[in-house]
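A.B. asks: The structure under discussion is supplied below as C-alpha cells; questions concerning it will follow.
Taken together, the values in this text are just the output of simple stated rules run on the coordinates, not laboratory data. As the structure is a computational prediction, the values presented were derived from the model and not from experiment. When we count neighbours, we look across all protein chains shown, and the Cβ atoms used for this are built from the backbone with ideal geometry, even at glycine.
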C-alpha cells in the first residue's frame, strides 16, 4: 500500500465507540486500497501522535488526515491543528489534513438514505436530527440548516435537537428534556443521529425513550449511527487528497 490515512475521531468513553471507528477505517481501506489507522482526540487510544508514530514505523513518510467531525466547533478549529502539529513534530510523518465530514451534500445523502431505510413506507414521523452540539453558535446553526435541507430532501417534517448543555446555553433545544418536549407535540417521532459511532450521549437519549413514550404517548423510533457507511465520504476525501497538494500540513480545511 503506497498511501496511508488516519481517521481522527473525537473519542468516547462508550465501550463500542472505538470499535465503530475501527470498522469505518477497515471499510475505507477496503474501498480505497490505502492503509488506514484510527486515532482519537481523547478518551480512546491510539492518540494521533501514537498513530503517526505507528505509520512511521511501517515506513510511511506522509499520510492523509481525515477528521471525523461534522462541524467547525472548538475541536475542529483548535484541537485538530494543535494535535496535527504535535504528531508531525514527534513522528516525522507529514500529515495532510482534509476537511471534516461537514454538513454538506455527502452527509445529507447519507442521512436521507438511512432515513428511508429505517422508516417504513407510509409512515410519516416527525424526524429529529440529533447531534452532539457545541457552544459555538455557528456550528449549531450549520446542523440546523442541514435539518432544513433534510426536510426538503425527504418530505418529512424535521427539527434539530442537540445532546449537550453547551448547545442549550447557546439557545438551542437540547437533551432528554428537549426530546420530551418534542414528544408532547408529535405523536410519532423518529430520531436520526448525526453521530459517527456509538456514544454515551446517544445511549442516554435511547434509554430515555421508553419513559418519554410512557409519559407522552408518543411513539419514538431511532436509527443507528452512520458508522461504516461514511466510508464513501472518506474515500472521496482520500481520492481528492491524491490529486491535490496541501499548501501547509498544519492548515486544516474547514468543513461545509
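A.B. asks: Arrange the following residues from fewest to most other Cβ atoms within 10 Å of their Cβ: 240, 96.
C.D. replies: 240, 96
A.B. asks: P(r) for the chain, please, calculated from all Cα pair distances in 5 Å bins and given in %.
C.D. replies: 1, 6, 14, 17, 19, 15, 11, 8, 5, 3, 1, 0
A.B. asks: What whole number of Å gives the distance from the Cα centroid of region 98-124 to the Cα centroid of region 144-185?
C.D. replies: The two parts, judged by their Cα centres, are 15 Å apart.
A.B. asks: Quickly rank 86-94, 5-13 as a protection proxy: mean count of other C-beta atoms within 10 Å, highest first.
C.D. replies: Listed from highest to lowest mean packing, they are 5-13, 86-94.
A.B. asks: Hey, another quick one. Just the C-alpha atoms of region 1-120: what Rg/Rh do they give, with Rh taken as the Kirkwood radius?
C.D. replies: Over the Cα atoms of region 1-120, Rg/Rh equals 0.99.
A.B. asks: Report, to the nearest 10°, how far helix 17-32 tilts away from the longest principal axis of the Cα atoms in the chain, using its own Cα long axis and a range of 0 to 90°.
C.D. replies: The helix 17-32 is inclined about 60 degrees to the chain.
A.B. asks: Percent of alpha carbon pairs in region 105-227 separated by more than 24 Å?
C.D. replies: 19
A.B. asks: With angles folded into 0 to 90 degrees, how steeply does helix 231-243 sit against the dominant principal axis of the chain? Use alpha carbons for both and round to 10.
C.D. replies: Relative to the chain, helix 231-243 is tipped by roughly 30 degrees.
A.B. asks: With the contact rule set at Cα under 8 Å and sequence spacing of 6 or more, what percent relative contact order holds for the chain?
C.D. replies: 24
A.B. asks: Report, to the nearest 10°, how far helix 175-185 tilts away from the longest principal axis of the Cα atoms in the chain, using its own Cα long axis and a range of 0 to 90°.
C.D. replies: The angle comes out near 40 degrees.
A.B. asks: For region 105-227, give the share of DSSP beta bridges that are antiparallel, in percent and rounded to the nearest 5; count only bridges with both residues there.
C.D. replies: Here the antiparallel bridges make up roughly 0 percent for region 105-227.
A.B. asks: Please tell me the relative contact order of region 105-227 in percent, rounded to the nearest whole number, where contacts are Cα pairs under 8 Å and at least six residues apart.
C.D. replies: On the way: 198 pairs, mean separation 35.0, N = 123.
RCO, region 105-227: 28 percent.
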